[in-house]
Every structure is written in C-alpha cells, then in structure tokens.
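All of the numbers you see were taken from the coordinates with simple rules; none came from a lab. All values reported here derive from a predicted model rather than from experimental measurement. All Cβ positions, even for glycine, are placed from backbone atoms using ideal geometry, and neighbour counts span all protein chains on display.
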Number of protein chains: 2
Amino acid sequence: MKKTLKDVGEFRLIDAIAELDVVSGIGDDCAVWTPPPGHDIVMTTDALVERVHFHHEWCVYEDIGWKSAAVNLSDLAAMGAEPVALLYGLALPARTLVNAVLAIYDGVALCLDSLNLDIRITGGNVAESPERMMISVTAVGIVPTGGAALRSGAKPGDDIWVTGTLGDSALGLFLLMNRFKKEDWPGWLALVDRHLTPTPRVEFGKAARDIVSAMIDVSDGLSGDIGHLCIESGVGAFIDESLLPVSEEAKNVAERILRPVEQWALTGGEDYELLMTAHPDRANDLRRAAESTGTRLTRIGSTTTGEMQIRRLDGAIEELECLSYRHFS
Amino acid sequence: MKKTLKDVGEFRLIDAIAELDVVSGIGDDCAVWTPPPGHDIVMTTDALVERVHFHHEWCVYEDIGWKSAAVNLSDLAAMGAEPVALLYGLALPARTLVNAVLAIYDGVALCLDSLNLDIRITGGNVAESPERMMISVTAVGIVPTGGAALRSGAKPGDDIWVTGTLGDSALGLFLLMNRFKKEDWPGWLALVDRHLTPTPRVEFGKAARDIVSAMIDVSDGLSGDIGHLCIESGVGAFIDESLLPVSEEAKNVAERILRPVEQWALTGGEDYELLMTAHPDRANDLRRAAESTGTRLTRIGSTTTGEMQIRRLDGAIEELECLSYRHFS
C-alpha cells in the first residue's frame, strides 16, 4: 500500500495519526492539561526543514521523527525541565506517503521510549507544503517554581562543565556528506548515530538543575554556545583545549582526515550535550548527578571577568572565536 | 535599506526580532512562565504556508502576521481560554527582507492590540526554507481547572448558536482570487478584511465558556465544523438555512455572482466565528454574554439524536453534507 496524502486527504491522514499510541487528545481546538501546583511551565519550539536539516539520502523517516523530538527535548533538558507534552505541526508535500508520516511519529515514539518518557503528542496540525516537508515541534515541560536553569546565572570563577563527548555529530554529518562508506571507516556508525538520532540529556539536566549556575545545550557548537551563555551571564571564559572530551571514534576519523579533533569538538554543532557552569564548591554534587544518571561529565575551563579565551594544545592563549552554524549565510 | 536575511545572517535577525516590543524573553533555551493556581493550560499550534495560506499579491506582511496570530487565538477562544503566550517558528527563504520579517511581527502586535491583549511572543526559532515562507505558531492559554469548553459536551436538544456572520471570508478570498476590483464591488473591503485580518472571538469565548455545552471555531466552514462538533459529542444536528447569519456585503456580492449566499455561509471557511451548543435554558445567559462583549449571536438550529440535516429555504429537508477545505486534495 503506497498511498500518498493526495490519495487519502487531510482528514483521513489526521484520523490515522490520531490512532497512534504516541498521540493523544486530538479532536479539540486545543490540548488541555492541568499543571501540577508549584511548578513553572517551560516551552520551546524548533523546526526541521527537508534538505536543510535532514536529507533523505542518509536517513529514514523514523530518524527524522526521533531528531525532531530530541532537539526540542534537549532545550527542555537545558532548563532542567521534566517534559510533559509535545505539539507537532507538519507541512507536507501532497506526494508524501502516508506511511512516511506515520514513520515520523514512530520515530518520536522510539525517542521517547529510549528516554523512558511517558509523554504524548497532545496537539498539532497538518498543512500542505508543495516542495519540502517541514516539521515544527513545540515541547512543554515543568520545573519547580523559580527553579529553571537559565543561561544567565554564571558568575566569574565558576567551573565550566560539559556532558558526553563533542564533535561526534559534526563528524557523522561529514561522513554522510562525503558519502564515506561504513565498511571503510571504523566508528562510522557511532558518529552517524550521534548525528541522526541524538540523545538529549533529560535525566542529567533534571539532576543538575539545582546545582548549576547556568546551563545551555550544545546545539550550535561548543564555542558558539559558550558565547551565548557568557553573553547572557555577562562573564568571560577560559577554556582548556586539552580538556575537551572527544570519543575514540571522533579521534580516529579526525586523524585520518587530517583535521584536529579539537576543532570538531569546538565548532561542530548538534551534539545536544549540556554545557553548564557551577561554583567550584558544587563540583562533587555535579559529579554525583552525572554518576547517578550514567553521564560522562568533564570540566573544560572556568568563567572569568575577561574575554573568551582558549589555551591551545601547544600552550598558546588565544581569543575564543564563537563560531557556529548560521542559517542564511 | 533593503537588507535580506542573507545579508544579515541568523543571529542579527534574531537580535532585531528580540528588540521588538511584542517579543520578550528570547535568550534562553526555553520560555519560562508561572501559571496561576487553579488553572488548566490549553495549547494549540497552526501554521501558515506561503502561496498555500497566503499570497503576496493580495496582502502585506503585517496582514500575514495578524492572521498567523488570529487563527491560533481563535482556537484558544473556542476553548474559552485567556491567551497568555505565543511562540513563533519561522522558516524563511534567504532572499526575505529583514523588514518583511519585522513587519510580520508588527502585524502580530496589531492583532494583539486590537484585542486588548497584553501578551507577548515568548519564544521561537528561525530556520531557512529555500522556496517558501512558513510561519508556525503555538498559542498558550489558561482556563479555570476543568472549565475548558470542549467539542464533546453537546447533548441532543441543545440549541446551536453562532457568532457574527458567515461566508464573508470565503467571499473575500473569491474577490481576491478573481482580481475583482475594489471600485467595482461595494463591500469589497469589508469582505477582504474578514479574510486577511480576521478577528478571533476571544472575549466572547471567555464569557460563553461556562454557559455552552460544546464550542468550536468556524475555520473549516460551518458545515464541516458542525460535523466535527457533532461527531465528538455523538449527536446529530438540524440546521435551518434561513437562520444563517450573513452580512449585507456578502448578500450583495453573492447575488451578483449568482451563487446563493447561504452556500457561502455553509461551506466557506476561515470566518473564525464561534459555533456552540447550549441547553435551551441557557439561551438568555448566552445572549447576555454576547451583549456584554458586543457580539452578534444567532441561533441556527438544534442538536438531535439523528443525523445531520438542514431545512432548505424552500422547506425541503436534506442531509447536511459536511463539506470543508481539505489539504492535499
């Protein structure tokens, strides 16, 4: 059965979506939800555009669904929030297969399951977009009142920490864009997985919320996201390049393509790790939060009263350029 | 200054947007908001796609911004909710003028001002979309806990009511699509305004919330939206065609193009009026809610235990076909 949206029409598509386990509450003008007392609501929205954010040559529809949920859940994680609901707005070409749309929702469900999140898609809409699929997601979460981890709370002298490893996603994308083959490149799968189906640090974000002074997710690339955090907090930063956490797979591929792995770690985007600052007194608390959630955690520098600087591997101290991916340029 | 997004890049665009009065709280991973105790949260999302939902030949960017807010606020109104926040996701071609983007936000502000709504855009994102602009909006509102007006509460024997007049928006679109000139068509402006810059019934929705048994906004067209309400409520409907509220402008244009105005009122979409059911005992309460908010309100029929039927102008009783606009077909 290769039915397209043109074959079935908008309302039969919505009926099929409404049948899915991951979807609930379709059938009214709005989703309704009772927030628990004593909590703030946090909300974020982000979109994926076909052939801008994802490419059919190298991913399946389930991957697209997974990533569309993951990038928004990562924003919730950066606030230390507990996810409570997702809303999905799809703009789709009429030629799209119904099964492709359902596979996107399956991918959302897979992502939620992998995070043990028992939440649902509680609302959305579908519209026609002749050339490209666009997936617009709004994620809603809760934090205890006043407890959200902001970008703006860092003080000079805080430690700067990051979860996981950096640069993997950008190297995965590099392997895909150059059509390098899985068989020829050890570590290919690990890196490509980091790019296509990233894991937002939801559990760690919640555990770290009351410990950190500021937090942000690493979506634009480490140097860019450090820049965002420092600007919002009004502090500088001193990063030690030798401390940047990188995976063995990233090291091996970077070495073979003769571009230092630290460069990928600094500027590669879409790792969806969490970057945070904390008073040095809270270092052990933060380590315990990492341990309890099975999260690798690395101290990579300190905040300062000065500019953004980096100590290179050779000991040279340079200005840290806040390079990151920019749309339209 | 005719700068495009390509000229200024993503971050300078975001900086310019963040300066606007209608925007607040950009600069973190999520918007944070403390809900008042004793309230449910209602959420809705809807998107406008260039050359699908709007056409540059006949509207300015301010109109697009207005409508993007209005269609979402109308969904909140249908729940009887008080709007509290908007999130905007924009997908934009790199050729788009910065001033065009800012004009969209100006249009949002104009719509909010016209409704005396002191709410802000508290979050969003921008991404590149090579061919078409897409505006994806999430609107958030509150209602007292358990108090949302649903589509599913109608009981057989309720009165069916509708606000305002019907068919105006579809006739406005008809005038635009046929390039009929303002000078030649009395009422042109009123009808076209209904299409381009609709007024969601936010105040009436709130006033009617505790009176109605079910409510929905008229976006797909009256017959389609009656169908949605009846299906969700498990009731039938009996509509009297002679009672459908139509404007003088709609009557005049419909007469001249030789297509009955009742047909426009029944199937024309995007009027963003509210359609509701209420126990006959509540008729006076509902009329008072209409009066207190300056809203025209018309009883057009009753719910039944049977099918969906309509009494035509000539007295014939027919099945009411739930025709409405469908994407992809």
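Please compute the average number of Cβ atoms from other chains found within 10 Å of each residue's Cβ in peptide A:136-144.
So the per-residue partner count for this stretch is 5.
Can you compute the charge dipole magnitude of chain A about its Cα centre, using +1 on each Lys and Arg Cβ and -1 on each Asp and Glu Cβ, nothing else charged? Give it in debye, rounded to the nearest 20.
340 debye
Please report how far the C-alpha centroid of the range A:197-215 lies from that of the range A:33-48, rounded to the nearest whole angstrom.
16 Å
Sequence gap at least 6, Cα distance under 8 Å: using those rules, report the relative contact order of the range A:5-144 to the nearest whole percent.
42 percent
Amide H of A:Met308: which non-local residues (sequence gap of 5 or more, or other chain) have their own amide H closer than 5 Å, using H built in the peptide plane?
A:Ala237, A:Leu320
Pop the C-beta distance of B:Ile231 and A:Arg259 into the FRET formula with R0 = 56 Å and round what comes out to the nearest 0.05.
0.45
What does the structure give for A:116-128 when I average, per residue, the other chain Cβ atoms found within 10 Å of the residue Cβ?
For this peptide, the per-residue mean of nearby foreign Cβ atoms is 3.
In nm, to one decimal, how far is the B:Asn116 label point from the A:Asp113 one, both placed 7 Å along Cα→Cβ?
That separation, rounded to one decimal, is 5.2 nm.
In degrees, nearest 10, range 0 to 90: what is the angle between the Cα axis of helix B:5-18 and the longest Cα principal axis of chain B?
The angle comes out near 70 degrees.
Got a sec? Charge dipole of the range A:192-237, +1 on Cβ for Lys and Arg, -1 for Asp and Glu; which of A:Ser233, A:Phe204, A:Val218 is way out at the positive end?
Among A:Ser233, A:Phe204, A:Val218, the one farthest towards the positive end of the dipole of the range A:192-237 is A:Phe204.
For the range A:239-285, what log10 I(q)/I(0) values come out of the Debye formula at q = 0.16, 0.18 1/Å, with one point per alpha carbon and no solvent?
-0.56, -0.66
May I ask you to list the GluC sites (Glu not before Pro) in the range A:11-85 that are in a DSSP loop and have at most 12 other Cβ atoms within 10 Å of their Cβ?
Sparse-neighbourhood loop GluC sites (Glu not before Pro): A:Glu19, A:Glu57.
Averaged across orientations, what area in nm² does the convex hull of the alpha carbons in the range B:212-266 project?
4.4 nm²
Any idea what the relative contact order of chain B is, in percent, if you count C-alpha pairs under 8 Å spaced at least 6 apart?
Reported as a whole number, the value is 22 percent.
For A:Ala18, what is the net charge nearby, where nearby means another residue's Cβ is under 14 Å from its Cβ and Lys, Arg count +1, Asp, Glu -1?
-3
Taking the inverse of the average 1/r across all pairs of different Cα atoms in the range A:1-52, what Kirkwood radius in Å do you get?
One over the average 1/r among Cα pairs gives 14.8 Å for the range A:1-52.
Which one, B:Leu87, B:Leu191, B:Leu97, has the greatest fluctuation when you compute a Gaussian network model over chain B with C-alpha springs under 10 angstrom?
The residue that fluctuates most here is B:Leu97.
Straight-line reach from A:Lys182: which lysines fall under 19 Å, measuring Cα to Cα and dropping same-chain residues less than 8 apart?
Of all the lysines, those that pass the test against A:Lys182 - Cα under 19 Å, at least 8 places apart if same chain - are A:Lys251.
By how many degrees, 0 to 90 and rounded to 10, does the Cα axis of helix B:168-177 deviate from the longest principal axis of chain B?
Value to nearest ten degrees: 50.
Starting from 0.36 nm per residue, how many nanometres of slack lie between B:Arg12 and B:Leu189 once their C-alpha separation is accounted for?
60.0 nm
Calculate the radius of gyration of the Cα atoms of the range A:159-319 to one decimal place, then report Dmax, the largest Cα-Cα distance, as a whole number, both in Å.
15.6, 48
Starting from the eigenvalues of the Cα gyration tensor, five times each then square-rooted, give me the equivalent ellipsoid semi-axes of the protein assembly as shown, largest first, whole Å.
The equivalent ellipsoid of the protein assembly as shown has semi-axes of 48, 25, 23 Å.
Quick check on the range B:3-88: what does the Kirkwood estimate of hydrodynamic radius come out to from the alpha carbon pairs, in Å?
The answer is 15.6 Å.
Could you let me know the centre-to-centre spacing of the range B:263-316 and the range A:246-314, using Cα atoms, in angstrom?
A separation of 62 Å, based on Cα centres.
Could you state the angle between the C-alpha long axis of helix B:283-292 and the longest principal axis of the C-alpha atoms of chain B, as a value from 0 to 90 degrees rounded to the nearest 10?
Compared with the principal axis, the helix lies near 40 degrees.
At 7 Å along Cα-to-Cβ for each site, give me the label-to-label distance between A:Arg51 and B:Thr145 in nm.
5.1 nm
Just round it to a whole percent: the fraction of Cα-Cα distances in chain B exceeding 30 Å.
Summing the P(r) tail past 30 Å for chain B gives 37 percent.
Hey, got a sec? Which chymotrypsin sites (Phe, Trp or Tyr not before Pro) in the range A:33-132 land in a DSSP loop and have at most 16 other Cβ atoms within 10 Å?
Of the chymotrypsin sites (Phe, Trp or Tyr not before Pro), the ones in loops of the range A:33-132 whose Cβ has at most 16 other Cβ atoms within 10 Å are A:Trp58.
Treating the Cα atoms of the range B:5-144 as identical point scatterers in vacuum, please give the log10 of the normalised Debye intensity I(q)/I(0) at q = 0.21 Å⁻¹, two decimals.
Reported log10 I(q)/I(0), two decimals: -1.35.
What are the extents of the Cα atoms of the range A:68-214 along their three principal axes, in Å, largest first?
Largest to smallest, the principal-axis extents are 53, 43, 26 Å.
Using just the helices of chain A, give the 222 nm mean residue ellipticity in deg cm²/dmol: DSSP H runs with n ≥ 4 each add -39,500 (n - 2.57), and the total is spread over all residues, rounded to 500.
Computed mean residue ellipticity for chain A: -10500 deg cm²/dmol.
Could you work out the mean count of beta carbons from other protein chains within 10 Å of each residue's beta carbon in A:213-223?
1
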